[in-house]
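Read through the structure below, which is laid out as structure tokens, and then see the notes.
The values are calculated or read from the model by the stated rules, or taken from the named source; none is laboratory data. Fair warning: this is a prediction, and the values are worked out from it, not measured in the lab. Cβ atoms come from the backbone with ideal geometry, glycine included; neighbour counts cover every protein chain shown. Each accessible area value is taken on the protein alone, full model and side chains, heavy atoms only, with ligands, DNA and RNA left out. Shrake-Rupley method; radii C 1.70, N 1.55, O 1.52, S 1.80 Å.
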Amino acid sequence: MFQEERMQLIMEYLRKHQRISADDIVTLFDVSRDTARRDLIKLEEQDALVRTRGGAILPSAHGEYRSYNDRLQYVSEEKRAIGKLAAALVRKGDHIILDSSTTVQACAEYLHQKVCTVITNSIHSADTLSNHSAVDIHLLGGRLQKEQRYLYGPSVFEALDHYYVNKAFIGVGGVARQGLYSGVEDGKIKHKMMQQAEQVIVLADHSKLNRRSMYRFADWSHVHLFITDQPLSSEWREFLKKQQVEILIPEL
């Protein structure tokens, strides 16, 4: 069976079942896991699906945000690798800010045994970190965004005014040459978090590249380090070099 024919059948399966695993592809089409992975990568490059840990799901409609719990359920291997590398940058005694994105949540999961102080507006990150005795947690109080599980509003901004941290870890809805994008309320908080940090570290898997949404919350002049999961094009590397943004890529 040719790859194009197999990819068409994969999409038919996805439209019927909403998700597919690499094991499903191996069984259905009698191919290797490497072949299954290549098929999923190619379909993702065509924006036909979103790869997850061990498989893929159909993308949300344009501009639609899945609930935070739904997004957490499908945190990809790439996001976990980005989060692990980000956590490795945290030094003993650091004061850090974590935003409420799922990629930054993956970073929180790797902060075990790190002696540090974490400021966050993410309910989920605070809950995860509560199991790490070495981490001191400051949860920013405010109004609860129930679907996305973060706190927002004037009290969050007022609280952030009193903090200055070593590092801020920021996730995005999309990145382009023009800057960093997300939802409006979330983006305003991210911008404030970036202002309160000595070093700003942006975490974004390759699916976020060259994507813009309605709200641009910052430009690249605010960013010091960009962690992504795949090598960037020469154009992107040259652009970030001019912006004096360092690039890190984890080993997958």
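Considering only R51, R143, R212, the Gaussian network model of the chain with Cα springs below 10 Å gives its largest mean-square fluctuation to R143. Result for the chain in a Gaussian network model with C-alpha springs under 10 Å: among A108, A204, A48, the largest mean-square fluctuation is at A48.
Excluding same-chain neighbours fewer than eight residues apart, the lysines reachable from K190 by a Cα-Cα span under 29 Å are K79, K84, K92, K114, K146, K167, K208, K241, K242. Averaged over its residues, the chain has an accessible area of 51 Å² per residue, based on protein heavy atoms and a 1.4 Å probe. In a GNM of the chain with a 10 Å cut-off on Cα contacts, which of V31, V104, V156 has the highest mean-square fluctuation? The residue with the greatest mean-square fluctuation here is V31. The share of alpha-carbon pairs in the chain lying farther apart than 34 Å comes to 19%. Look at the dipole of the chain built from charges on Cβ: of H162, I119, S233, the Cα furthest out on the positive end belongs to H162. The portion of the accessible surface of the chain made up by carbon and sulfur, rounded to a whole percent, is 46 (1.4 Å probe; DNA, RNA and ligands excluded). Site-free segments of the chain were taken between GluC sites (Glu not before Pro) in DSSP loops having at most 13 other Cβ atoms within 10 Å, sites themselves excluded; the longest one is 148-250.
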